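Read the structure below first, then the notes.
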Amino acid sequence: MSDLNISEIQKEYNDITEKLGDPELVSDWEQFQELARRRKALEKILEKFSQLESIRAQVEEAKQIISSQEDAQLSSLAEQELSMLLEKEQQVAQELKATYARDQKDIPRALILEVRAGAGGEEASLFASSLLDMYQKYATSQEWKQNLLESNTTDVGGLREASLEIEGEGAWENLRFEGGVHRVQRIPATEKQGRIHTSTASVAIMPRSKKTAFRINPADLRIEIYNASGPGGQNVNKRKTAVRIVHIPTGAMVTSQASRNQQKNREFALTLLESRLQQKKTEQEQAENAQTRKSQIGTADRSEKIRTYNFPQDRVTDHRIQESWHNIERIMQGGIVEMLEKISSTLTQQEESA
């Protein structure tokens, strides 16, 4: 951790603290939030460093007691304490290294999670809807902010596709490996002979584009307003609230009808378009490293699975790390903390050792 300059980190922390005390900054709410988040990240590094320094001071104190040999009983206790302190020192040093490394990576705070029905007809659309519900409940349990940017439903209550914006501390770290084909094995409610059906849905994860990261020329956009489709009653039939935006230079198209407010749908669609164009730009610049949306979702064929949800056996299996979890009903209700922590930890270690 030779590149860790605690003096510079402390100086940056003090400078930000001073800026946050400026009453005029409150008028620029976006900058205020960004500075507050940055200070919190620096505070974590400083707190971990302070903890490490305290342990090292205790280590030196224990060593002095042992070397003085003035009291045999006290020296014996100091030797026992020193062993525990040295182990604790190593652990905290590793935690400090990991905290600093995360800060240097400039980890996204917000992401776009897309879910699409794959192979399996209506059953696939119902499974896609269940997946979206699972992620929404998980995000709620983590107290993360979320916005449904787009939702295209089917007549039976399934989901063709949806885009969900999630923002919060740890959201990217915990969800970034969810991209891929998810497979379900269960007996559909409409199945009269009790046969198990296999269906799929695909998930794609993209960091949300920062407002300053990708600028779109308004002249490059074609914006269309139309009647929303799907459930919604009279509002859907009589009011033009759905928004379709086409980025003319690239042909990229996004739609949003998640809200009954046309302006909100316009904002949601622009957010989604910015993230997709930023993702495309990143993939072009770092093609050898970037995990593209296409590589995440493939063709949504059953053989491309990253995870299987087996209802008859009450088991969810992640095929990348060869681990399984039971109590599938709890998992589908958003109880995926343990599962995602294990997957994230294992795959991150594999990334770092590659």
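Every number in this text was worked out from the coordinates using simple rules, so none of it is lab data. Keep in mind the model is a prediction, meaning the values are calculated, not measured. Cβ placement follows ideal geometry from the backbone for every residue including glycine, while neighbour counts extend to all protein chains displayed.
At a glance:
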{"quantity": "Proxy reagent accessibility, fewest Cβ within 10 Å first, across V337, V243", "calculated": "V337, V243"}
{"quantity": "Label-point separation in nm, A98 to H197, each point 7 Å along Cα→Cβ", "calculated": "4.2"}
{"quantity": "Residue-wise HN-Hα coupling along region 184-192, computed from phi with Karplus coefficients 6.51, -1.76, 1.60 (Hz; x: Gly, Pro)", "calculated": "10, 10, 7, 8, x, 4, 8, 7, 8"}
{"quantity": "Footprinting exposure proxy for E18, E122 (fewest neighbouring C-beta atoms within 10 Å first)", "calculated": "E18, E122"}
{"quantity": "Cβ-Cβ FRET estimate between R244 and W29, R0 fixed at 35 Å, reported to 0.05", "calculated": "0.70"}
{"quantity": "Rg and Dmax [Cα atoms of region 104-223; Å; Rg one decimal, Dmax integer]", "calculated": "16.7, 57"}
{"quantity": "Kirkwood Rh in Å, taken over all unlike Cα pairs in region 12-163", "calculated": "20.6"}
{"quantity": "Exposure rule at most 15 other beta-carbon atoms within 10 Å, DSSP loop trypsin sites (Lys or Arg not before Pro): the chain longest free segment", "calculated": "1-104"}
{"quantity": "Virtual spin-label span in nm between Q91 and D220, 7 Å along Cα→Cβ", "calculated": "5.1"}
{"quantity": "Local electrostatic count at I248 - Lys and Arg +1, Asp and Glu -1, tallied over other residues with Cβ under 11 Å", "calculated": "0"}
{"quantity": "Selected from L86, L272, L131 as most flexible by GNM, with the chain as the system and alpha-carbon contacts under 10 Å", "calculated": "L86"}
{"quantity": "Ascending count of other beta-carbon atoms within 10 Å, so fewest first, for S27, S324, S199", "calculated": "S27, S324, S199"}
{"quantity": "Region 65-73 - phi-based ³J(HN,Hα) in whole Hz, Karplus 6.51/-1.76/1.60, Gly and Pro as x", "calculated": "5, 5, 5, 5, 6, 7, 9, 4, 5"}
{"quantity": "Debye log10 I(q)/I(0) for the chain, one point scatterer per Cα, at q = 0.07, 0.13, 0.15 Å⁻¹", "calculated": "-0.42, -1.14, -1.36"}
